[in-house]
Structures are given as structure tokens and as C-alpha cells.
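The values are calculated or read from the model by the stated rules, or taken from the named source; none is laboratory data. Not measured: the values here are computed from a predicted model. Heads up, the Cβs are rebuilt from the backbone with ideal geometry, glycines too, and the neighbour counts pull from every protein chain shown. Accessible surface is based on the protein model in full, side chains and every heavy atom, while ligands, DNA and RNA are left aside. Shrake-Rupley method; radii C 1.70, N 1.55, O 1.52, S 1.80 Å.
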There are 2 protein chains.
Amino acid sequence: MQNPSPVESVHIPFPRMRSVLERIFERNGTSPGVAAILADNCASAQRDGAMSHGLFRIPGYVSTLKSGWVDGKAVPVVEDKAPGFIAVDAANGFAQPAFFAARDAFLAKVRANGIALMAIRRSHHFAALWPDVEPLAREGLVALTVVNSMACVVPSGGHTALFGTNPIAFAAPRENGEPVVFDLATSAIAHGDIQIAARAGHDVPQGYGVDRHGEHTTKPREILEGGALLPFGGEHGMHKGSALSMMVELLAAALTGGNFSFEFDWSGHPGAQTPYTGQLIIAIDPRLTSGQGFAQRCETLVAAMAGAGQKRQPGSRRHEARARSLEHGVPVEAERWRELLAMAGLDHEESGTTA
Amino acid sequence: MQNPSPVESVHIPFPRMRSVLERIFERNGTSPGVAAILADNCASAQRDGAMSHGLFRIPGYVSTLKSGWVDGKAVPVVEDKAPGFIAVDAANGFAQPAFFAARDAFLAKVRANGIALMAIRRSHHFAALWPDVEPLAREGLVALTVVNSMACVVPSGGHTALFGTNPIAFAAPRENGEPVVFDLATSAIAHGDIQIAARAGHDVPQGYGVDRHGEHTTKPREILEGGALLPFGGEHGMHKGSALSMMVELLAAALTGGNFSFEFDWSGHPGAQTPYTGQLIIAIDPRLTSGQGFAQRCETLVAAMAGAGQKRQPGSRRHEARARSLEHGVPVEAERWRELLAMAGLDHEESGTTA
């Protein structure tokens, strides 16, 4: 989603944005290490134009930390289960620090075995999913990850929310260009985008969600307040989106030892917003490919997609936004930036491009 | 798809159907081993009600074998690339015999490493995909497979067919019930189902395909004759189906060393129908799961889906058809069965339930 009103925006240098967010996380009870990882993740989403997972998420992080629902100082426990299987107990902390705690061991397993998986459980994932796989593609690996979230999607043909928005993210290296990356919710729309539509007062298309009575609606507030999202796939393909969402539950929760999207109970933690589930990451070392190199073949496919008339390859919009942000600063609404500076205890400082 | 006219059907015992198909394959130039594998695969699809990949496919197999496009006597070469990575050169033969040639070594790798992949290249896959993964779930494994096919799907936003129907199949074990299995084309409809609709003279819904001018059409013949299919996902989610189809190309072709769906040229082999591409299979041993057993967790999710109002879990329709077929015989149109008996050189024999 593009920033809706560029005239009211300021442009903040990426390192400055990251350090302000880091300060907010630390002031709200995370360890310095967790703060650094989450700040980098969130500022990167904003930098890359993924506004629904950018600074928009900070109040949710803070509210969740204040509620006691998540442990911002959790120390992940890495378990070596088999030559290709690494498990991480996130210990009720965020998923990203758990991933980083096991990252080097995971990469060694992928290179030694050709393929490996990392199964993270007891984790909270409140961010975009592509930042977890794009760096693996930069290491020359093909990577796939799934995370389940919180019950807000009705299974195909059903009447009650059960699945999360359950995204699937994939990244693959190219020989010359930026990695091919996609990150798609298996719901008709991401939960963050529904929240943004509700805030902006925009309707959403038919087929995105149902109201509290299970009837289709185009009003984001009716979807958010007692209603539910629908799986992606459209009228005739919704069973496919639903099947993929089921697969995500099985891989991200059943296989890791984490909660299904419908299992955790945060009612004792008012203000909690982060789903307490699991995440699976699979990576493959394509150096073992027979024939031409994988990254070269990836270039061939990307060129063919352009030749077939596809305007953008998955990930290219983010790479373009990233280049603009790194040159001109990361865009953010001026009012939101002032709020963030206040949350960081920096409200006496100037804001804007030189901040 | 259900058999459209049950009154004209005969019901053939499964072992009899399989042996008639085996004879047809052998009479058309396959080795006995290849004949046995393909006959079992094709009869199983018919038995399970997957008519678009059942006996309907036999004339295509025969026509392809006669054209010299595929080697029905190919001997696959299995290559041990790494502890978790096994490659198979199908040597211009069918994918299923290549899979079987490496199956035991693959299972040993999965159990030793927790995860492994099998990368099949130079292979022809002309069958349903779920028969490749369901048996792995019966071994207690979680399995995922992708195969690319032939250029007949326009990428999202494009104008020229590039991707295959590029299905994704997944299977997972349950503690008590039949495995959870799905097999979904990343196109809006499977190519076999478009052929069946064309044969039956039925229109298909808007959004399934375009005609030779790139315009949306509901006429299956316009889609088949110079037109193309669209990715699944519906009006607002087609970019997601397209991204998944791209992922299938990268995993099934780039990673294996096989052809992309748009690369092979069968123009020198009139009658050829089998795509000459690659296939990737990933399997995980869920015994390493932390917490409750995977198969038990899978039961929990299936029960929750039923509780949320989902009428059928993925795969249940096939399991029901299988049970009926094994009790009453596998249904097939009487005229088609007579044709098959003739192709097997058995036209002097009686047909029907006692055949």
C-alpha cells in the first residue's frame, strides 16, 4: 500500500528511524537485543513501502508488551533435533529473535544437507514475513516460510473463524537482479490492510470477509467487529486458499509444537495483539542443482515473465520503494512520527528530514 | 468430478482394471515395470473419483508413447547429492518410475535428517499429483510436492501463456482417520477439467481463461484452441495464484535441472501430450515435533474444521469414492471400457462387473 497522503509526510533516514524504534522497544520492556531486531524489522517494512507492517504496528507492539502477554526479554532455546531439523523454543518471546538465535546453526545445516528446516514454537510474530526469507536468498538459498496467526478466517464452506491469515513467504536468488520474493496472506486480505481500510473509511471488495452473522460484507469495520475474513481464491477457488491455510496451520503449529491460531487465550491480557503460535522455515541450497545454476535459471524465468507481459515480478515494488527510501529517507506521516518520537522520549527533538 | 452418466457405467474390480491398463501400456512400448507403476497410478485416480486423471488419460498416454516423445523403457539414474538431497534423472521417461527408483533411499534420508528432498528432472508427469504424496503420509511423513507442466497459463497481468497448471500437493498423517491430502492446480482450473468441459459442451465460469485474443471467455474450446488459462485466485487474488505458480516453476524446474513449462518443444512429435519438465518432493519426519505428536495434532485441527462448519476436509471425497469403488467395483463408462479392452487386445472378453 502506498502512503495515502504524501504531502503530510516527512522523510527520515533509515538508521535514525531504526534507532528511534529501538528506543521505543527498550522503553517498553524488551532486552536491547530484542529491541534491535524488532526495530530493524519494522523500520525495514516501512522503508520498503509495506506500510501495513511498518510503523503502523508500533502501538500494537507497545500495547502487547504492556499487557504482559509477550516476554520482551525472552531467551530462546535452540534444540538440535537431527542433521536437517532445528527446533527453537521462543519461550513466549518474539519469533524474530528466536530465528536469529538459531540462524547460524540453521545455515550450516542447510549447506551440509542440501535442505533443512527450523521449527519455532511458543513465538509471537507480528511482522511481515518476507524479511525472514529475503536475507536467506541473499545467502544464495531458496527459502520458504509459513506462520500461523490468530483465528480470524473462516474455512471454506464454514461459519466460524478458525485459521489465521496464515501467510506464505518465498525467496529465491537471481544471478544479477534482486531476489525474487513474495509474501502472501492465504486470507483474501491481510489483517493489517483491513485495519488500514477501516481507519481510512474505505470499503473492501466483495469476497474479502463476512460480518458477525456470517454474511458477506464490504465494510471493514463489520469484518473486524465480530465478523471474519475469507480465504483467498475468489468465488470458485476459495477451497484452494482454505487448503493452503490449513497446510500453514499444520506446518507452523502442529509440526513445530506451537499453538493453532484458535488455541491461545489472551483474554487475561487486555491490549495484547500478537498471535502466540509457531513458525516453520525451510531452506534449500540450490548449488546441488543439476544443469545450469539456479540463480541463472531464475533470471531466465524472470525475463520470460516480463516477455509474457507481467509488469512486475514479486518483490520488485518493495525493492523500488527501498531504493527511494534509502536515497530520500523513509516516508512517514508527520503526525505519526511526532507520536513515535514522544513514545521514544525524544519529543523535545526536531522531527523531519534532518532529524 | 463425478461420473456424469452413472446409468451407462460398468463397475470393474480394481485389480482387473489395473491389469487391463498394464497390458495397454506394455503393448505401447513401456517396460513391464513402468507399465505396472502407471497402471496402478491411473486406475487409482479412477477408483478415487478423480476422473480427469483416470482412464480419460489413457488415449493421451498411448498417443504420446506412439509419437516417440517419451521413453517408456527409460531407466532412471539416482544421484545422492547430499545427506538431505537426492536427484533423479528420469532420462526422458515418466516421473513416477523415477520417484519409485529413489523412494527407499529418499525415505532413509528423511528419517535420518528430519527432512529431505527429491529433485526429479527430464521427466514426464501426466497424472494426478496426490498419489505421489498420500503414500508418504501413510509412512507417517508430512509431504509436499510440486510439478510444472506445459505453457498454458498467463501470468497475472500478462498476455502470453507461460506457466503450466503447476499443481501443489500436500499430505499429512492423522492419528485415526485417513491422511489429510490436497492437490490443487495453481491455475483457475485443471487442464483435464477444461478438456472434460469442452467434451461435455459445458461453459466454465468467468475468470478461468482467456481466448486467443487475451479476452476473458467462458467457452472451454476458446480457452483450449489458442487461448490460455488464468491463475487461480479470483479477480483480486490472481497475483497470489500467479506467484505460487512461479514458485512451482522455480522448485520443479530450476531447482531440479528440468525444463520450464515454456521450454520444451514437442512439435517434432505429433500426438505428444505429456509435459517434459521436472518434479520436486519434500518430506518431513514429524516424529521430531516438540509437544504432542503431529498425527494427534492433525486430528485436533480436522475436528476443529468440522466444528467451524467445513463440510469436507481436503481428500475426504477421494477416500469416500475409494471405499465405494473397492466395495462395488470402479465405475467407468461402458463404452470407454470396451475401447480400453480393445486397446489391450482383450475385446473378445466379456466386459462388466464380472470381467
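General remarks:
- The stretch B:30-68, residues that are closer than 21 Å to B:V181 by Cα and not in a helix (DSSP H, G or I): B:D48, B:G49, B:A50, B:G54
- Residue within the stretch A:205-212 that is of a type in the set (D, E), away from chain B (no Cβ under 12 Å) and open to solvent by 60 Å² or more (accessible area, probe 1.4 Å) present: no
- Unmet requirement for B:V146, which otherwise passes all of (1) part of a strand (DSSP E or B); (2) modelled with pLDDT under 95: (2)
- A single member of B:F294, B:F262 is over 17 Å from the mean Cα position of the chain (by Cα), open to solvent by 20 Å² or more (accessible area, probe 1.4 Å) and either touching a residue at least 24 places away in the same chain (Cβ under 8 Å) or more than 10 Å from chain A (Cβ to nearest Cβ) (or both), and it is B:F262.
- If you check B:D71, B:D80 for being in a loop (DSSP other than H, G, I, E, B) and open to solvent by 10 Å² or more (accessible area, probe 1.4 Å), only one passes: B:D71.
- Counting the residues of the stretch B:95-119 that are under 15 Å from the mean Cα position of the chain (by Cα) and within 11 Å of chain A (Cβ to nearest Cβ) gives 0.
- Applying a threshold of 9 Å to beta carbon distances and a minimum spacing of six or more residues, or different chains, the list of pairs starting in the stretch B:327-341 at a residue that is under 16 Å from B:A45 (Cβ atoms) and assigned to a helix (DSSP H, G or I) and ending at one that is open to solvent by 30 Å² or more (accessible area, probe 1.4 Å) and aromatic (F, W, Y) reads B:R336/B:F56.
- B:A272 fulfils the conditions (1) under 20 Å from B:A185 (Cα atoms); (2) open to solvent by 10 Å² or more (accessible area, probe 1.4 Å) except for a single criterion, (1).
- Verdict on A:H269 being more than 13 Å from chain B (Cβ to nearest Cβ) and modelled with pLDDT of 95 or more: yes
- On the stretch given as the stretch A:159-185, residues that are crowded, with 22+ Cβ neighbours inside 10 Å, within 7 Å of chain B (Cβ to nearest Cβ) and part of a loop (DSSP other than H, G, I, E, B) total 1.
- Residues located in the stretch A:226-252, provided they are within 9 Å of another protein chain (Cβ to nearest Cβ), farther than 20 Å from B:G207 by Cβ and open to solvent by 10 Å² or more (accessible area, probe 1.4 Å): A:M247, A:L251
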